[in-house]
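Shown next, in structure tokens, is the structure this report addresses.
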Amino acid sequence: MSATDLENTDIDAADALLPLDAWHRASGGRMVSFAGYAMPIQYEGIMAEHLWTREHAGLFDVSHMGQLVFSGEGVDGALETLLPGDIAGLKQGRMRYSLLLNGEGGILDDLMVTRRPDGLYMVVNGATKWDDIAHLREHLPDEITINHLDEQALLALQGPEAVKALSSLVAGVEALFFMQAGPFRWRTSDLWISRSGYTGEDGFEISLPAEAAAAFADELCALPEVKPIGLGARDSLRLEAGLPLYGHDLDENIDPVSADLGFAISKRRRSEGGFPGADHILRLAAEGPATRRVGLTLDGRLPAREGAKVFVGDEEIGSVTSGGFAPSLGAPIAMAYVTAQHAASGSKVELEVRGKRLSATVVPMPFVPHHYHRQGA
């Protein structure tokens, strides 16, 4: 769902409330319906919030996401029957991006898995978390316990000044590198903090007790580097970073290879298989898929939204799955799935928008370079 779509989404009376609902409203957040929750789309404006995050530090409430902990004998091997990642090789305090796959190798969700002392911690998408939990309970053996941390809030602090801001409240977080995590304390609250995020910037995700979230957000936003940021800027930031959004750029009919997420299939798993749809996925990896997810830059200023058809001449070769204006670039960009023969960087295509054809070019992603704090970089 694009930022424009979100702006036109009214609150539903059945929407669940985030732990910070009152805090968002008091902070001037404009609330919309998203993934079954009332969530802030913006505070002072999507463009301003986007650019603030790229230059300083933005605080996002992502408490709608599902936080799960898996434990029990054989938990690594059990999860490897459902995910294509090397879970057994995951070291303490390390994270891995992975995919929940159906029997045909289609993507049911994309997620993060972290090894921590009490088990394997998984963060899944808010829109799919109940289906994910049901699928996991159905397919994991009875001896594996799934603990849904539904009394935990989840905040993301993103941007080049995120480390300066967070380390002033929580000592030691500056020692983390990208895709590392660990336990921390703030006042009397236990926190679980990872150096990760969904914007392409350096930053952190902070799991903390829901009752402590408002006070923690107040302290962060009292710092000159930090402002609250809504869903609209989160969408434009992740699009510039070339990061897919489940339900739009990914779904159960899309495989990891076509989605350009082959890196999520760990080396050991490629050789051993044993994950759902392994034969199909590994064949696509060897032979190449029929379609690929690509980045597009558009000529002119008019953006293309999800569903816009992609053409080469009179031939329809694909469709846009995410699109919008990129504030950091001052130009429209999009993601699309196109036939493999037209997926090479530099390929010229046209997008049909409001009955007109817009010229576009296939480009590598990310559109804006990532600024992750990588170990050894």
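Structure data summary
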| item | result |
| --- | --- |
| Calculated P(r) tail over 18 Å for segment 290-377, as whole % of Cα pairs | 39 percent |
| Peptides ranked, highest mean first, by Cβ atoms within 10 Å: ranges 218-229, 52-63, 34-45 | 52-63, 34-45, 218-229 |
| Value of relative contact order over the chain, rounded to a whole percent, pairs C-alpha under 8 Å and six or more apart | 18 percent |
| Using distinct alpha-carbon pairs, which all enter the 1/r mean, Kirkwood radius of segment 147-193 in Å | 11.9 Å |
| Packing rank of 350-358, 237-245, where each peptide gets the mean count of other beta carbons within 10 Å, highest leading | 237-245, 350-358 |
| Of the GluC sites (Glu not before Pro) in segment 123-154, those whose Cβ has at most 14 other Cβ within 10 Å and which sit in DSSP loop | Glu143, Glu151 |
| Spacing of the two label points (7 Å from each Cα toward its C-beta) at Glu174 and Ala377, in nm | 1.8 nm |
| Cα Rg, Dmax, segment 40-164, angstrom units | 16.6, 49 |
| Per-residue [θ]222 nm for the chain (sum of -39500 (n - 2.57) over DSSP H runs n ≥ 4, rounded to 500) | -5500 deg cm²/dmol |
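Bear in mind these aren't lab numbers, they're just calculated from the coordinates by the rules spelled out. Since the structure is predicted, the reported quantities are computational estimates derived from the model, not experimental observations. Note that each Cβ is placed from the backbone with ideal geometry, even for glycine, and that neighbours are counted across all protein chains shown.
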